[in-house]
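Chemist: Mind looking over this structure? Questions follow.
The values are calculated or read from the model by the stated rules, or taken from the named source; none is laboratory data. Since the model is a prediction, treat every value here as computed from it, not as a measurement. Ideal geometry is used to build each Cβ from the backbone, glycine not excepted, and the neighbour counts take in all protein chains shown. In case anyone asks, the SASA skips ligands and DNA or RNA and just uses the protein heavy atoms, side chains included. Shrake-Rupley method; radii C 1.70, N 1.55, O 1.52, S 1.80 Å.
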Amino acid sequence: MLKRLNINYKHLPILVTVGLFILMYIFGSMRYTGFMSSQVFLNLFINNAFLIILAVGMTFVILTGGIDLSVGSVIALTSMVAADLIMNAQLSPWLVIPISLLVGTTLGLINGCIIHFFNIQPFIVTLAGLFLARGLAYLINIESIAITDPFFDFMAKTRIPIGDSFISISVVIALVVVLIGVYLAHYTNFGRTVYAIGGSEQSAVLMGLPVGRTKILIYTFSGFCASLAGLVFTFYMLSGYALHANGMELDVIASVVIGGTLLTGGVGYVAGSVIGVLILGVIQTIIIFEGTLSSWWTKIAIGVLVLAFIVFQRILVVRSNVKKAAGANNVDIKESSPPLKTKSM
Amino acid sequence: MIKSRLFWPILVLVLILLLNLFFDPGFFSVEVRGGHLTGSLIDILNRGAPLILIAIGMTLVIATAGIDLSVGSVVAMAGAMAAFVVSKPGLSDDSLVPLFTALALAIGLSVVAGMWNGLLVSRIGVQPIVATLILMVAGRGIAQLITNGQILTIYYEPYSFVGGGYLLMLPFSIFIVAAVLALALFLTRKTSIGLFIESVGSNPEASRLTGLNSKNILLMVYIFSGFCAGIGGIILSSNVSAADGNNAGLWFELDAILAVVIGGTSLMGGKFHLMGTVIGALIIQSLTTTIYSIGIPPEVNLVVKAVVVLIVCLLQSPEFRKKVLGGLKSKANRDAKGVA
């Protein structure tokens, strides 16, 4: 399906995303004094570094037509493991960080294996992962654990100056992850296989691509990203708490969708998801600048945006299908009408 | 009897309840106290009422190979809407007008929410998981908008009757559940609607070609799910006499899906078992009650649920049965369910 679509169609969602981001930023700048400062712009990255990392991992999962609901809980579990090992077990940060990263990676690997080997829907498997990770986080400790470690302090408070403004180390980590994500998606066999699976898993299998291995790797990568995001979140909050990042999986999925990735898989860009995260950030910033708007407007605004993008994508898909069908002079019922039976539930 | 689909879920339920007897010999005793029946069993039924209702709606949605993630948010929205009406100061307990206004508005809102999901799925063709995700996120925002970010407390006596009152010595919520269950059973088993739902679930395109209006059946199923979630939300808010836009019905969508899956309805759609779902919901509720009464930290609940979801899904997966269970299928099945 992907191959026959023209380039215009492939690029349209991400162009809309970029345009929307610029428009919203201009709107904010015109409405509020001080919005158009480099620090406000960089704060978008500082406050959403963990979300950017999550979005990179999630983009790969969604590109294959899957979904990973466990990421928010993995953040909580990672922050809890890190805080517990640092504060209660008194381990060195150099030991704690690899262990924490292993937490999510292992869970992702298990998710991937169950999804691939037993052919169970990603939705329900990662849902179990969501329960499991948060439950384990609660088992470590119900209370929040504050972290007073010099290394974590350093990671949290170091400012890297850029001109008059600054960014945090977490932003650098996030940007490195984005670069790795872009490289993986567009310059490796792995990335091409991911897009192929999203286009049509069956075709990918018939082409002899390593579909099973790639699917497992994707969920492992998403788990790794979730753990890394968990560490960055821990730097940001300087505490471990089982309630951290409650419902964040929805924010991530929303950013990926707003970033122009099709939830049916096969179409989308890592960079688009980053802009999706920034759009969520701009909404929050606008609501903070507005002052009188309450926080729940963020949720409503995100819902409306996701809706707009999904409807927009549906129209694109239907249109391109109709065009194709007309071009081939062969109206295929299954493709020209919106499919009722959906691919991954 | 062993062949019955309900056999394993009921066995698990009975085992969980017997486990309680081991820790609390008086677990099964039902006493008449203050004119109504009290006891742990009645308590499980009463507290499980919202979950059973929502799971009934979810069963029909899942039977069409869909899913409704928004039920938790709809619970919060319905509770908030009802509380918004009846939490106004100075309401007289004698007048029933606020009660019926609240019920009508709350149920109306949840039906609209269900219709919204249904239209997105059936008319625009959005994947159910995504379509309902929108309301799952935005719904909590709307609920908080209605309550203005506060937890509304209800002092209006008639409203508390819905979730906390008694009729014929039994909690009133049990009657509501029974009524909705009877309605669902009647519609799906005594009319052809049940068959249509199963048909759309197994192949919407083929159903359309045979002359079924697949789109309207999908729409109806989501509306029913919204309706059930709305009533669940009313019972919940009435039971605690408060509406919390942020936390009411949190994780309900997951519990409801879990109940449906435990009850033997496959997530692939096409088949459904309403009674199985009811048992599934009761299993979840007794599990929660048991964990509290035995004195295990309640946090373990999530881990237990995760393990249960995985086991049930693995047992439903043909690949798992082929690869792992093989000839020992029936035995392993028994063991795994026993653990659950």
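Chemist: When only Cα pairs under 8 Å and 6 or more residues apart are kept, what is the percent relative contact order across the range A:183-253?
Modeler: Contact order relative to length: 16 percent.
Chemist: With a 10 Å cut-off between alpha carbons and a GNM built on chain B, which of B:G72, B:G232, B:G125 moves the most?
Modeler: B:G125
Chemist: Follow-up. How big is the accessible area of A:H11 in square angstrom, nearest 10, if you roll a 1.4 angstrom probe over the protein chains?
Modeler: 80 Å²
Chemist: Mind putting a number on the dipole of chain A about its Cα centre? Charges go on the C-beta only, +1 for Lys and Arg and -1 for Asp and Glu, and I need it in Debye to the nearest 20.
Modeler: It works out to roughly 1260 debye.
Chemist: Mind checking which helices in chain A clear 20 Å along their axis (Cα) and have mean Kyte-Doolittle hydropathy of 1.6 or more, DSSP H runs only?
Modeler: Long hydrophobic helices here: A:38-63, A:93-118, A:122-140, A:169-187, A:270-290.
Chemist: Still on this structure, I have one more. In the Gaussian network model of chain A, springs joining C-alpha atoms below 10 Å, which of A:I62, A:I279, A:I99 carries the largest mean-square fluctuation?
Modeler: Per the Cα network of chain A with a 10 Å cutoff, A:I99 tops the list.
Chemist: Suppose a student asked you for the relative contact order of chain B, using Cα pairs under 8 Å spaced at least 6 residues apart; what percent would you report?
Modeler: Relative contact order of chain B: 31 percent.
Chemist: Taking amide hydrogens as modeled 1.01 Å from N in the peptide plane, which residues meet the under 5 Å criterion relative to B:A242, leaving out close sequence neighbours?
Modeler: The answer is B:I154.
Chemist: For B:E319, what accessible surface area do you get with a 1.4 Å probe? Give it in Å², rounded to 10.
Modeler: About 50 Å², rounded to the nearest 10.
Chemist: Per the 1.4 Å probe, what fraction of the accessible area of the range B:162-215, in percent, lies on carbon and sulfur atoms? Spell out each step's value before the answer.
Modeler: Working: 1950 of 2760 Å².
Using a 1.4 Å probe with all protein chains present, the range B:162-215 comes out at 71 percent carbon and sulfur.
Chemist: Something else: Which of rounded, prolate or oblate describes the range B:1-143 when judged by the alpha-carbon gyration tensor and an a/c cut-off of 1.5?
Modeler: Here the range B:1-143 falls in the oblate category.
Chemist: Kirkwood Rh, the range A:84-201, all Cα pairs: how many Å?
Modeler: On the way: mean 1/r = 0.0560 Å⁻¹.
Value: 17.9 Å, from the Cα pair sum.
Chemist: State log₁₀ I(q)/I(0) for the range B:77-169 at q = 0.12, 0.21, 0.26 Å⁻¹ as given by the Debye formula over alpha-carbon point scatterers of equal weight, solvent excluded.
Modeler: -0.48, -0.99, -1.26
Chemist: Right, here's the next one. Among the aspartates and glutamates, which have Cα under 20 Å from the Cα of A:K157 when same-chain residues fewer than 8 positions away are ignored?
Modeler: Within the straight-line limit of under 20 Å, A:K157 reaches these aspartates and glutamates: A:D149.
Chemist: Under 10 Å, Cα contacts only: if you run a Gaussian network model on chain A, which one of A:L206, A:L51, A:L69 comes out with the highest mean-square fluctuation?
Modeler: Of the options given, A:L206 has the highest mean-square fluctuation.
Chemist: I would also like to ask the following. Can you flag which of B:K271/B:K305; B:K215/B:K271; B:K271/B:K323; A:K215/B:K323; B:K215/B:K322 are past 27 Å Cα-Cα?
Modeler: B:K215/B:K322, as the Cα separations exceed 27 Å there.
Chemist: Another question, if that's okay. How do B:Y166, B:Y155, A:Y25 stack up against each other in accessible area, from largest to smallest, with a 1.4 angstrom probe?
Modeler: Highest to lowest solvent-accessible surface, that is B:Y155, B:Y166, A:Y25.
Chemist: Pull out a ≥ b ≥ c, the square roots of the eigenvalues of the alpha-carbon gyration tensor of the protein assembly as shown, then state rounded if a/c is under 1.5, prolate if not and a/b is larger than b/c, and oblate in the remaining case.
Modeler: In terms of gyration-tensor shape, rounded.
Chemist: Roll a 1.4 Å probe over the protein chains and send me the accessible area per residue for chain B in Å².
Modeler: Working: 13900 Å² over 340 residues.
Heavy-atom SASA per residue in chain B reads 41 Å².
Chemist: Ordering A:W297, B:W8 by how much accessible area each has at a 1.4 Å probe, largest first, what is the list?
Modeler: A:W297, B:W8
Chemist: Placing unit charges on C-beta atoms (Lys and Arg positive, Asp and Glu negative, everything else neutral), compute the dipole magnitude of the range B:36-296 about its Cα centre in debye, rounded to 20.
Modeler: Once rounded to the nearest 20, the dipole reads 560 debye.
Chemist: Largest first and to the nearest Å, give the Cα extent of chain A along each principal axis.
Modeler: 68, 52, 34
Chemist: Evaluate the charge dipole of the protein assembly as shown about its Cα centre and quote only its size in Debye, nearest 20, assuming +1 on the Cβ of each Lys and Arg and -1 on the Cβ of each Asp and Glu. Walk me through the numbers before you get to the answer.
Modeler: Details: 38 positive and 27 negative charges, 493 e Å.
Dipole of the protein assembly as shown, to the nearest 20 debye: 2380 debye.
Chemist: For chain B, build the charge dipole from Cβ charges (+1 Lys, Arg; -1 Asp, Glu) around the Cα centre, then report which of B:L152, B:F172, B:T265 sits farthest towards its positive end.
Modeler: B:T265
Chemist: Taking the Cβ of A:S144 as the center, what net charge do the other residues with Cβ under 15 Å away carry, scoring Lys and Arg +1 and Asp and Glu -1?
Modeler: -2
Chemist: Applying the Karplus parametrisation 6.51 cos²θ - 1.76 cosθ + 1.60 with θ = phi - 60° to the phi angles of the range B:129-142, what ³J(HN,Hα) value in whole Hz is obtained for each residue in order, glycine and proline being reported as x?
Modeler: 4, 7, 4, 7, 4, 4, 6, 4, 7, 6, x, 5, x, 5
Chemist: Could you state the number of Å between the C-alpha centres of the range B:51-73 and the range A:33-55?
Modeler: The range A:33-55 and the range B:51-73 have Cα centres separated by 38 Å.
Chemist: Same structure, new question: Work from the charge dipole of the range B:36-296 (Cβ charges, +1 for Lys and Arg, -1 for Asp and Glu, about the Cα centre) and give the residue of B:S225, B:A242, B:I283 farthest towards its positive end.
Modeler: After comparing all options, I get B:S225.
Chemist: Still on this structure: If you count only protein heavy atoms and use a 1.4 Å probe, how large is the accessible surface of B:W251, to the nearest 10 Å²?
Modeler: Answer for B:W251: close to 60 Å² accessible.
Chemist: What number in nm² do you get for chain B if you take the convex hull of its Cα atoms and divide its surface by four?
Modeler: Across all orientations, chain B yields a mean hull projection of 18.8 nm².
Chemist: Can I ask one more? To the nearest 100 Å², how much accessible surface do chains A and B cover up together, summed over both, with a 1.4 Å probe?
Modeler: Adding both sides of the contact gives about 4600 Å².
Chemist: Using heavy-atom solvent-accessible surface (probe 1.4 Å) with all chains present, what is the largest-first order of A:M30, B:M58, A:M155? Spell out each step's value before the answer.
Modeler: Working: A:M30 160, B:M58 0, A:M155 25 Å².
Ranked from most to least accessible, the order is A:M30, A:M155, B:M58.
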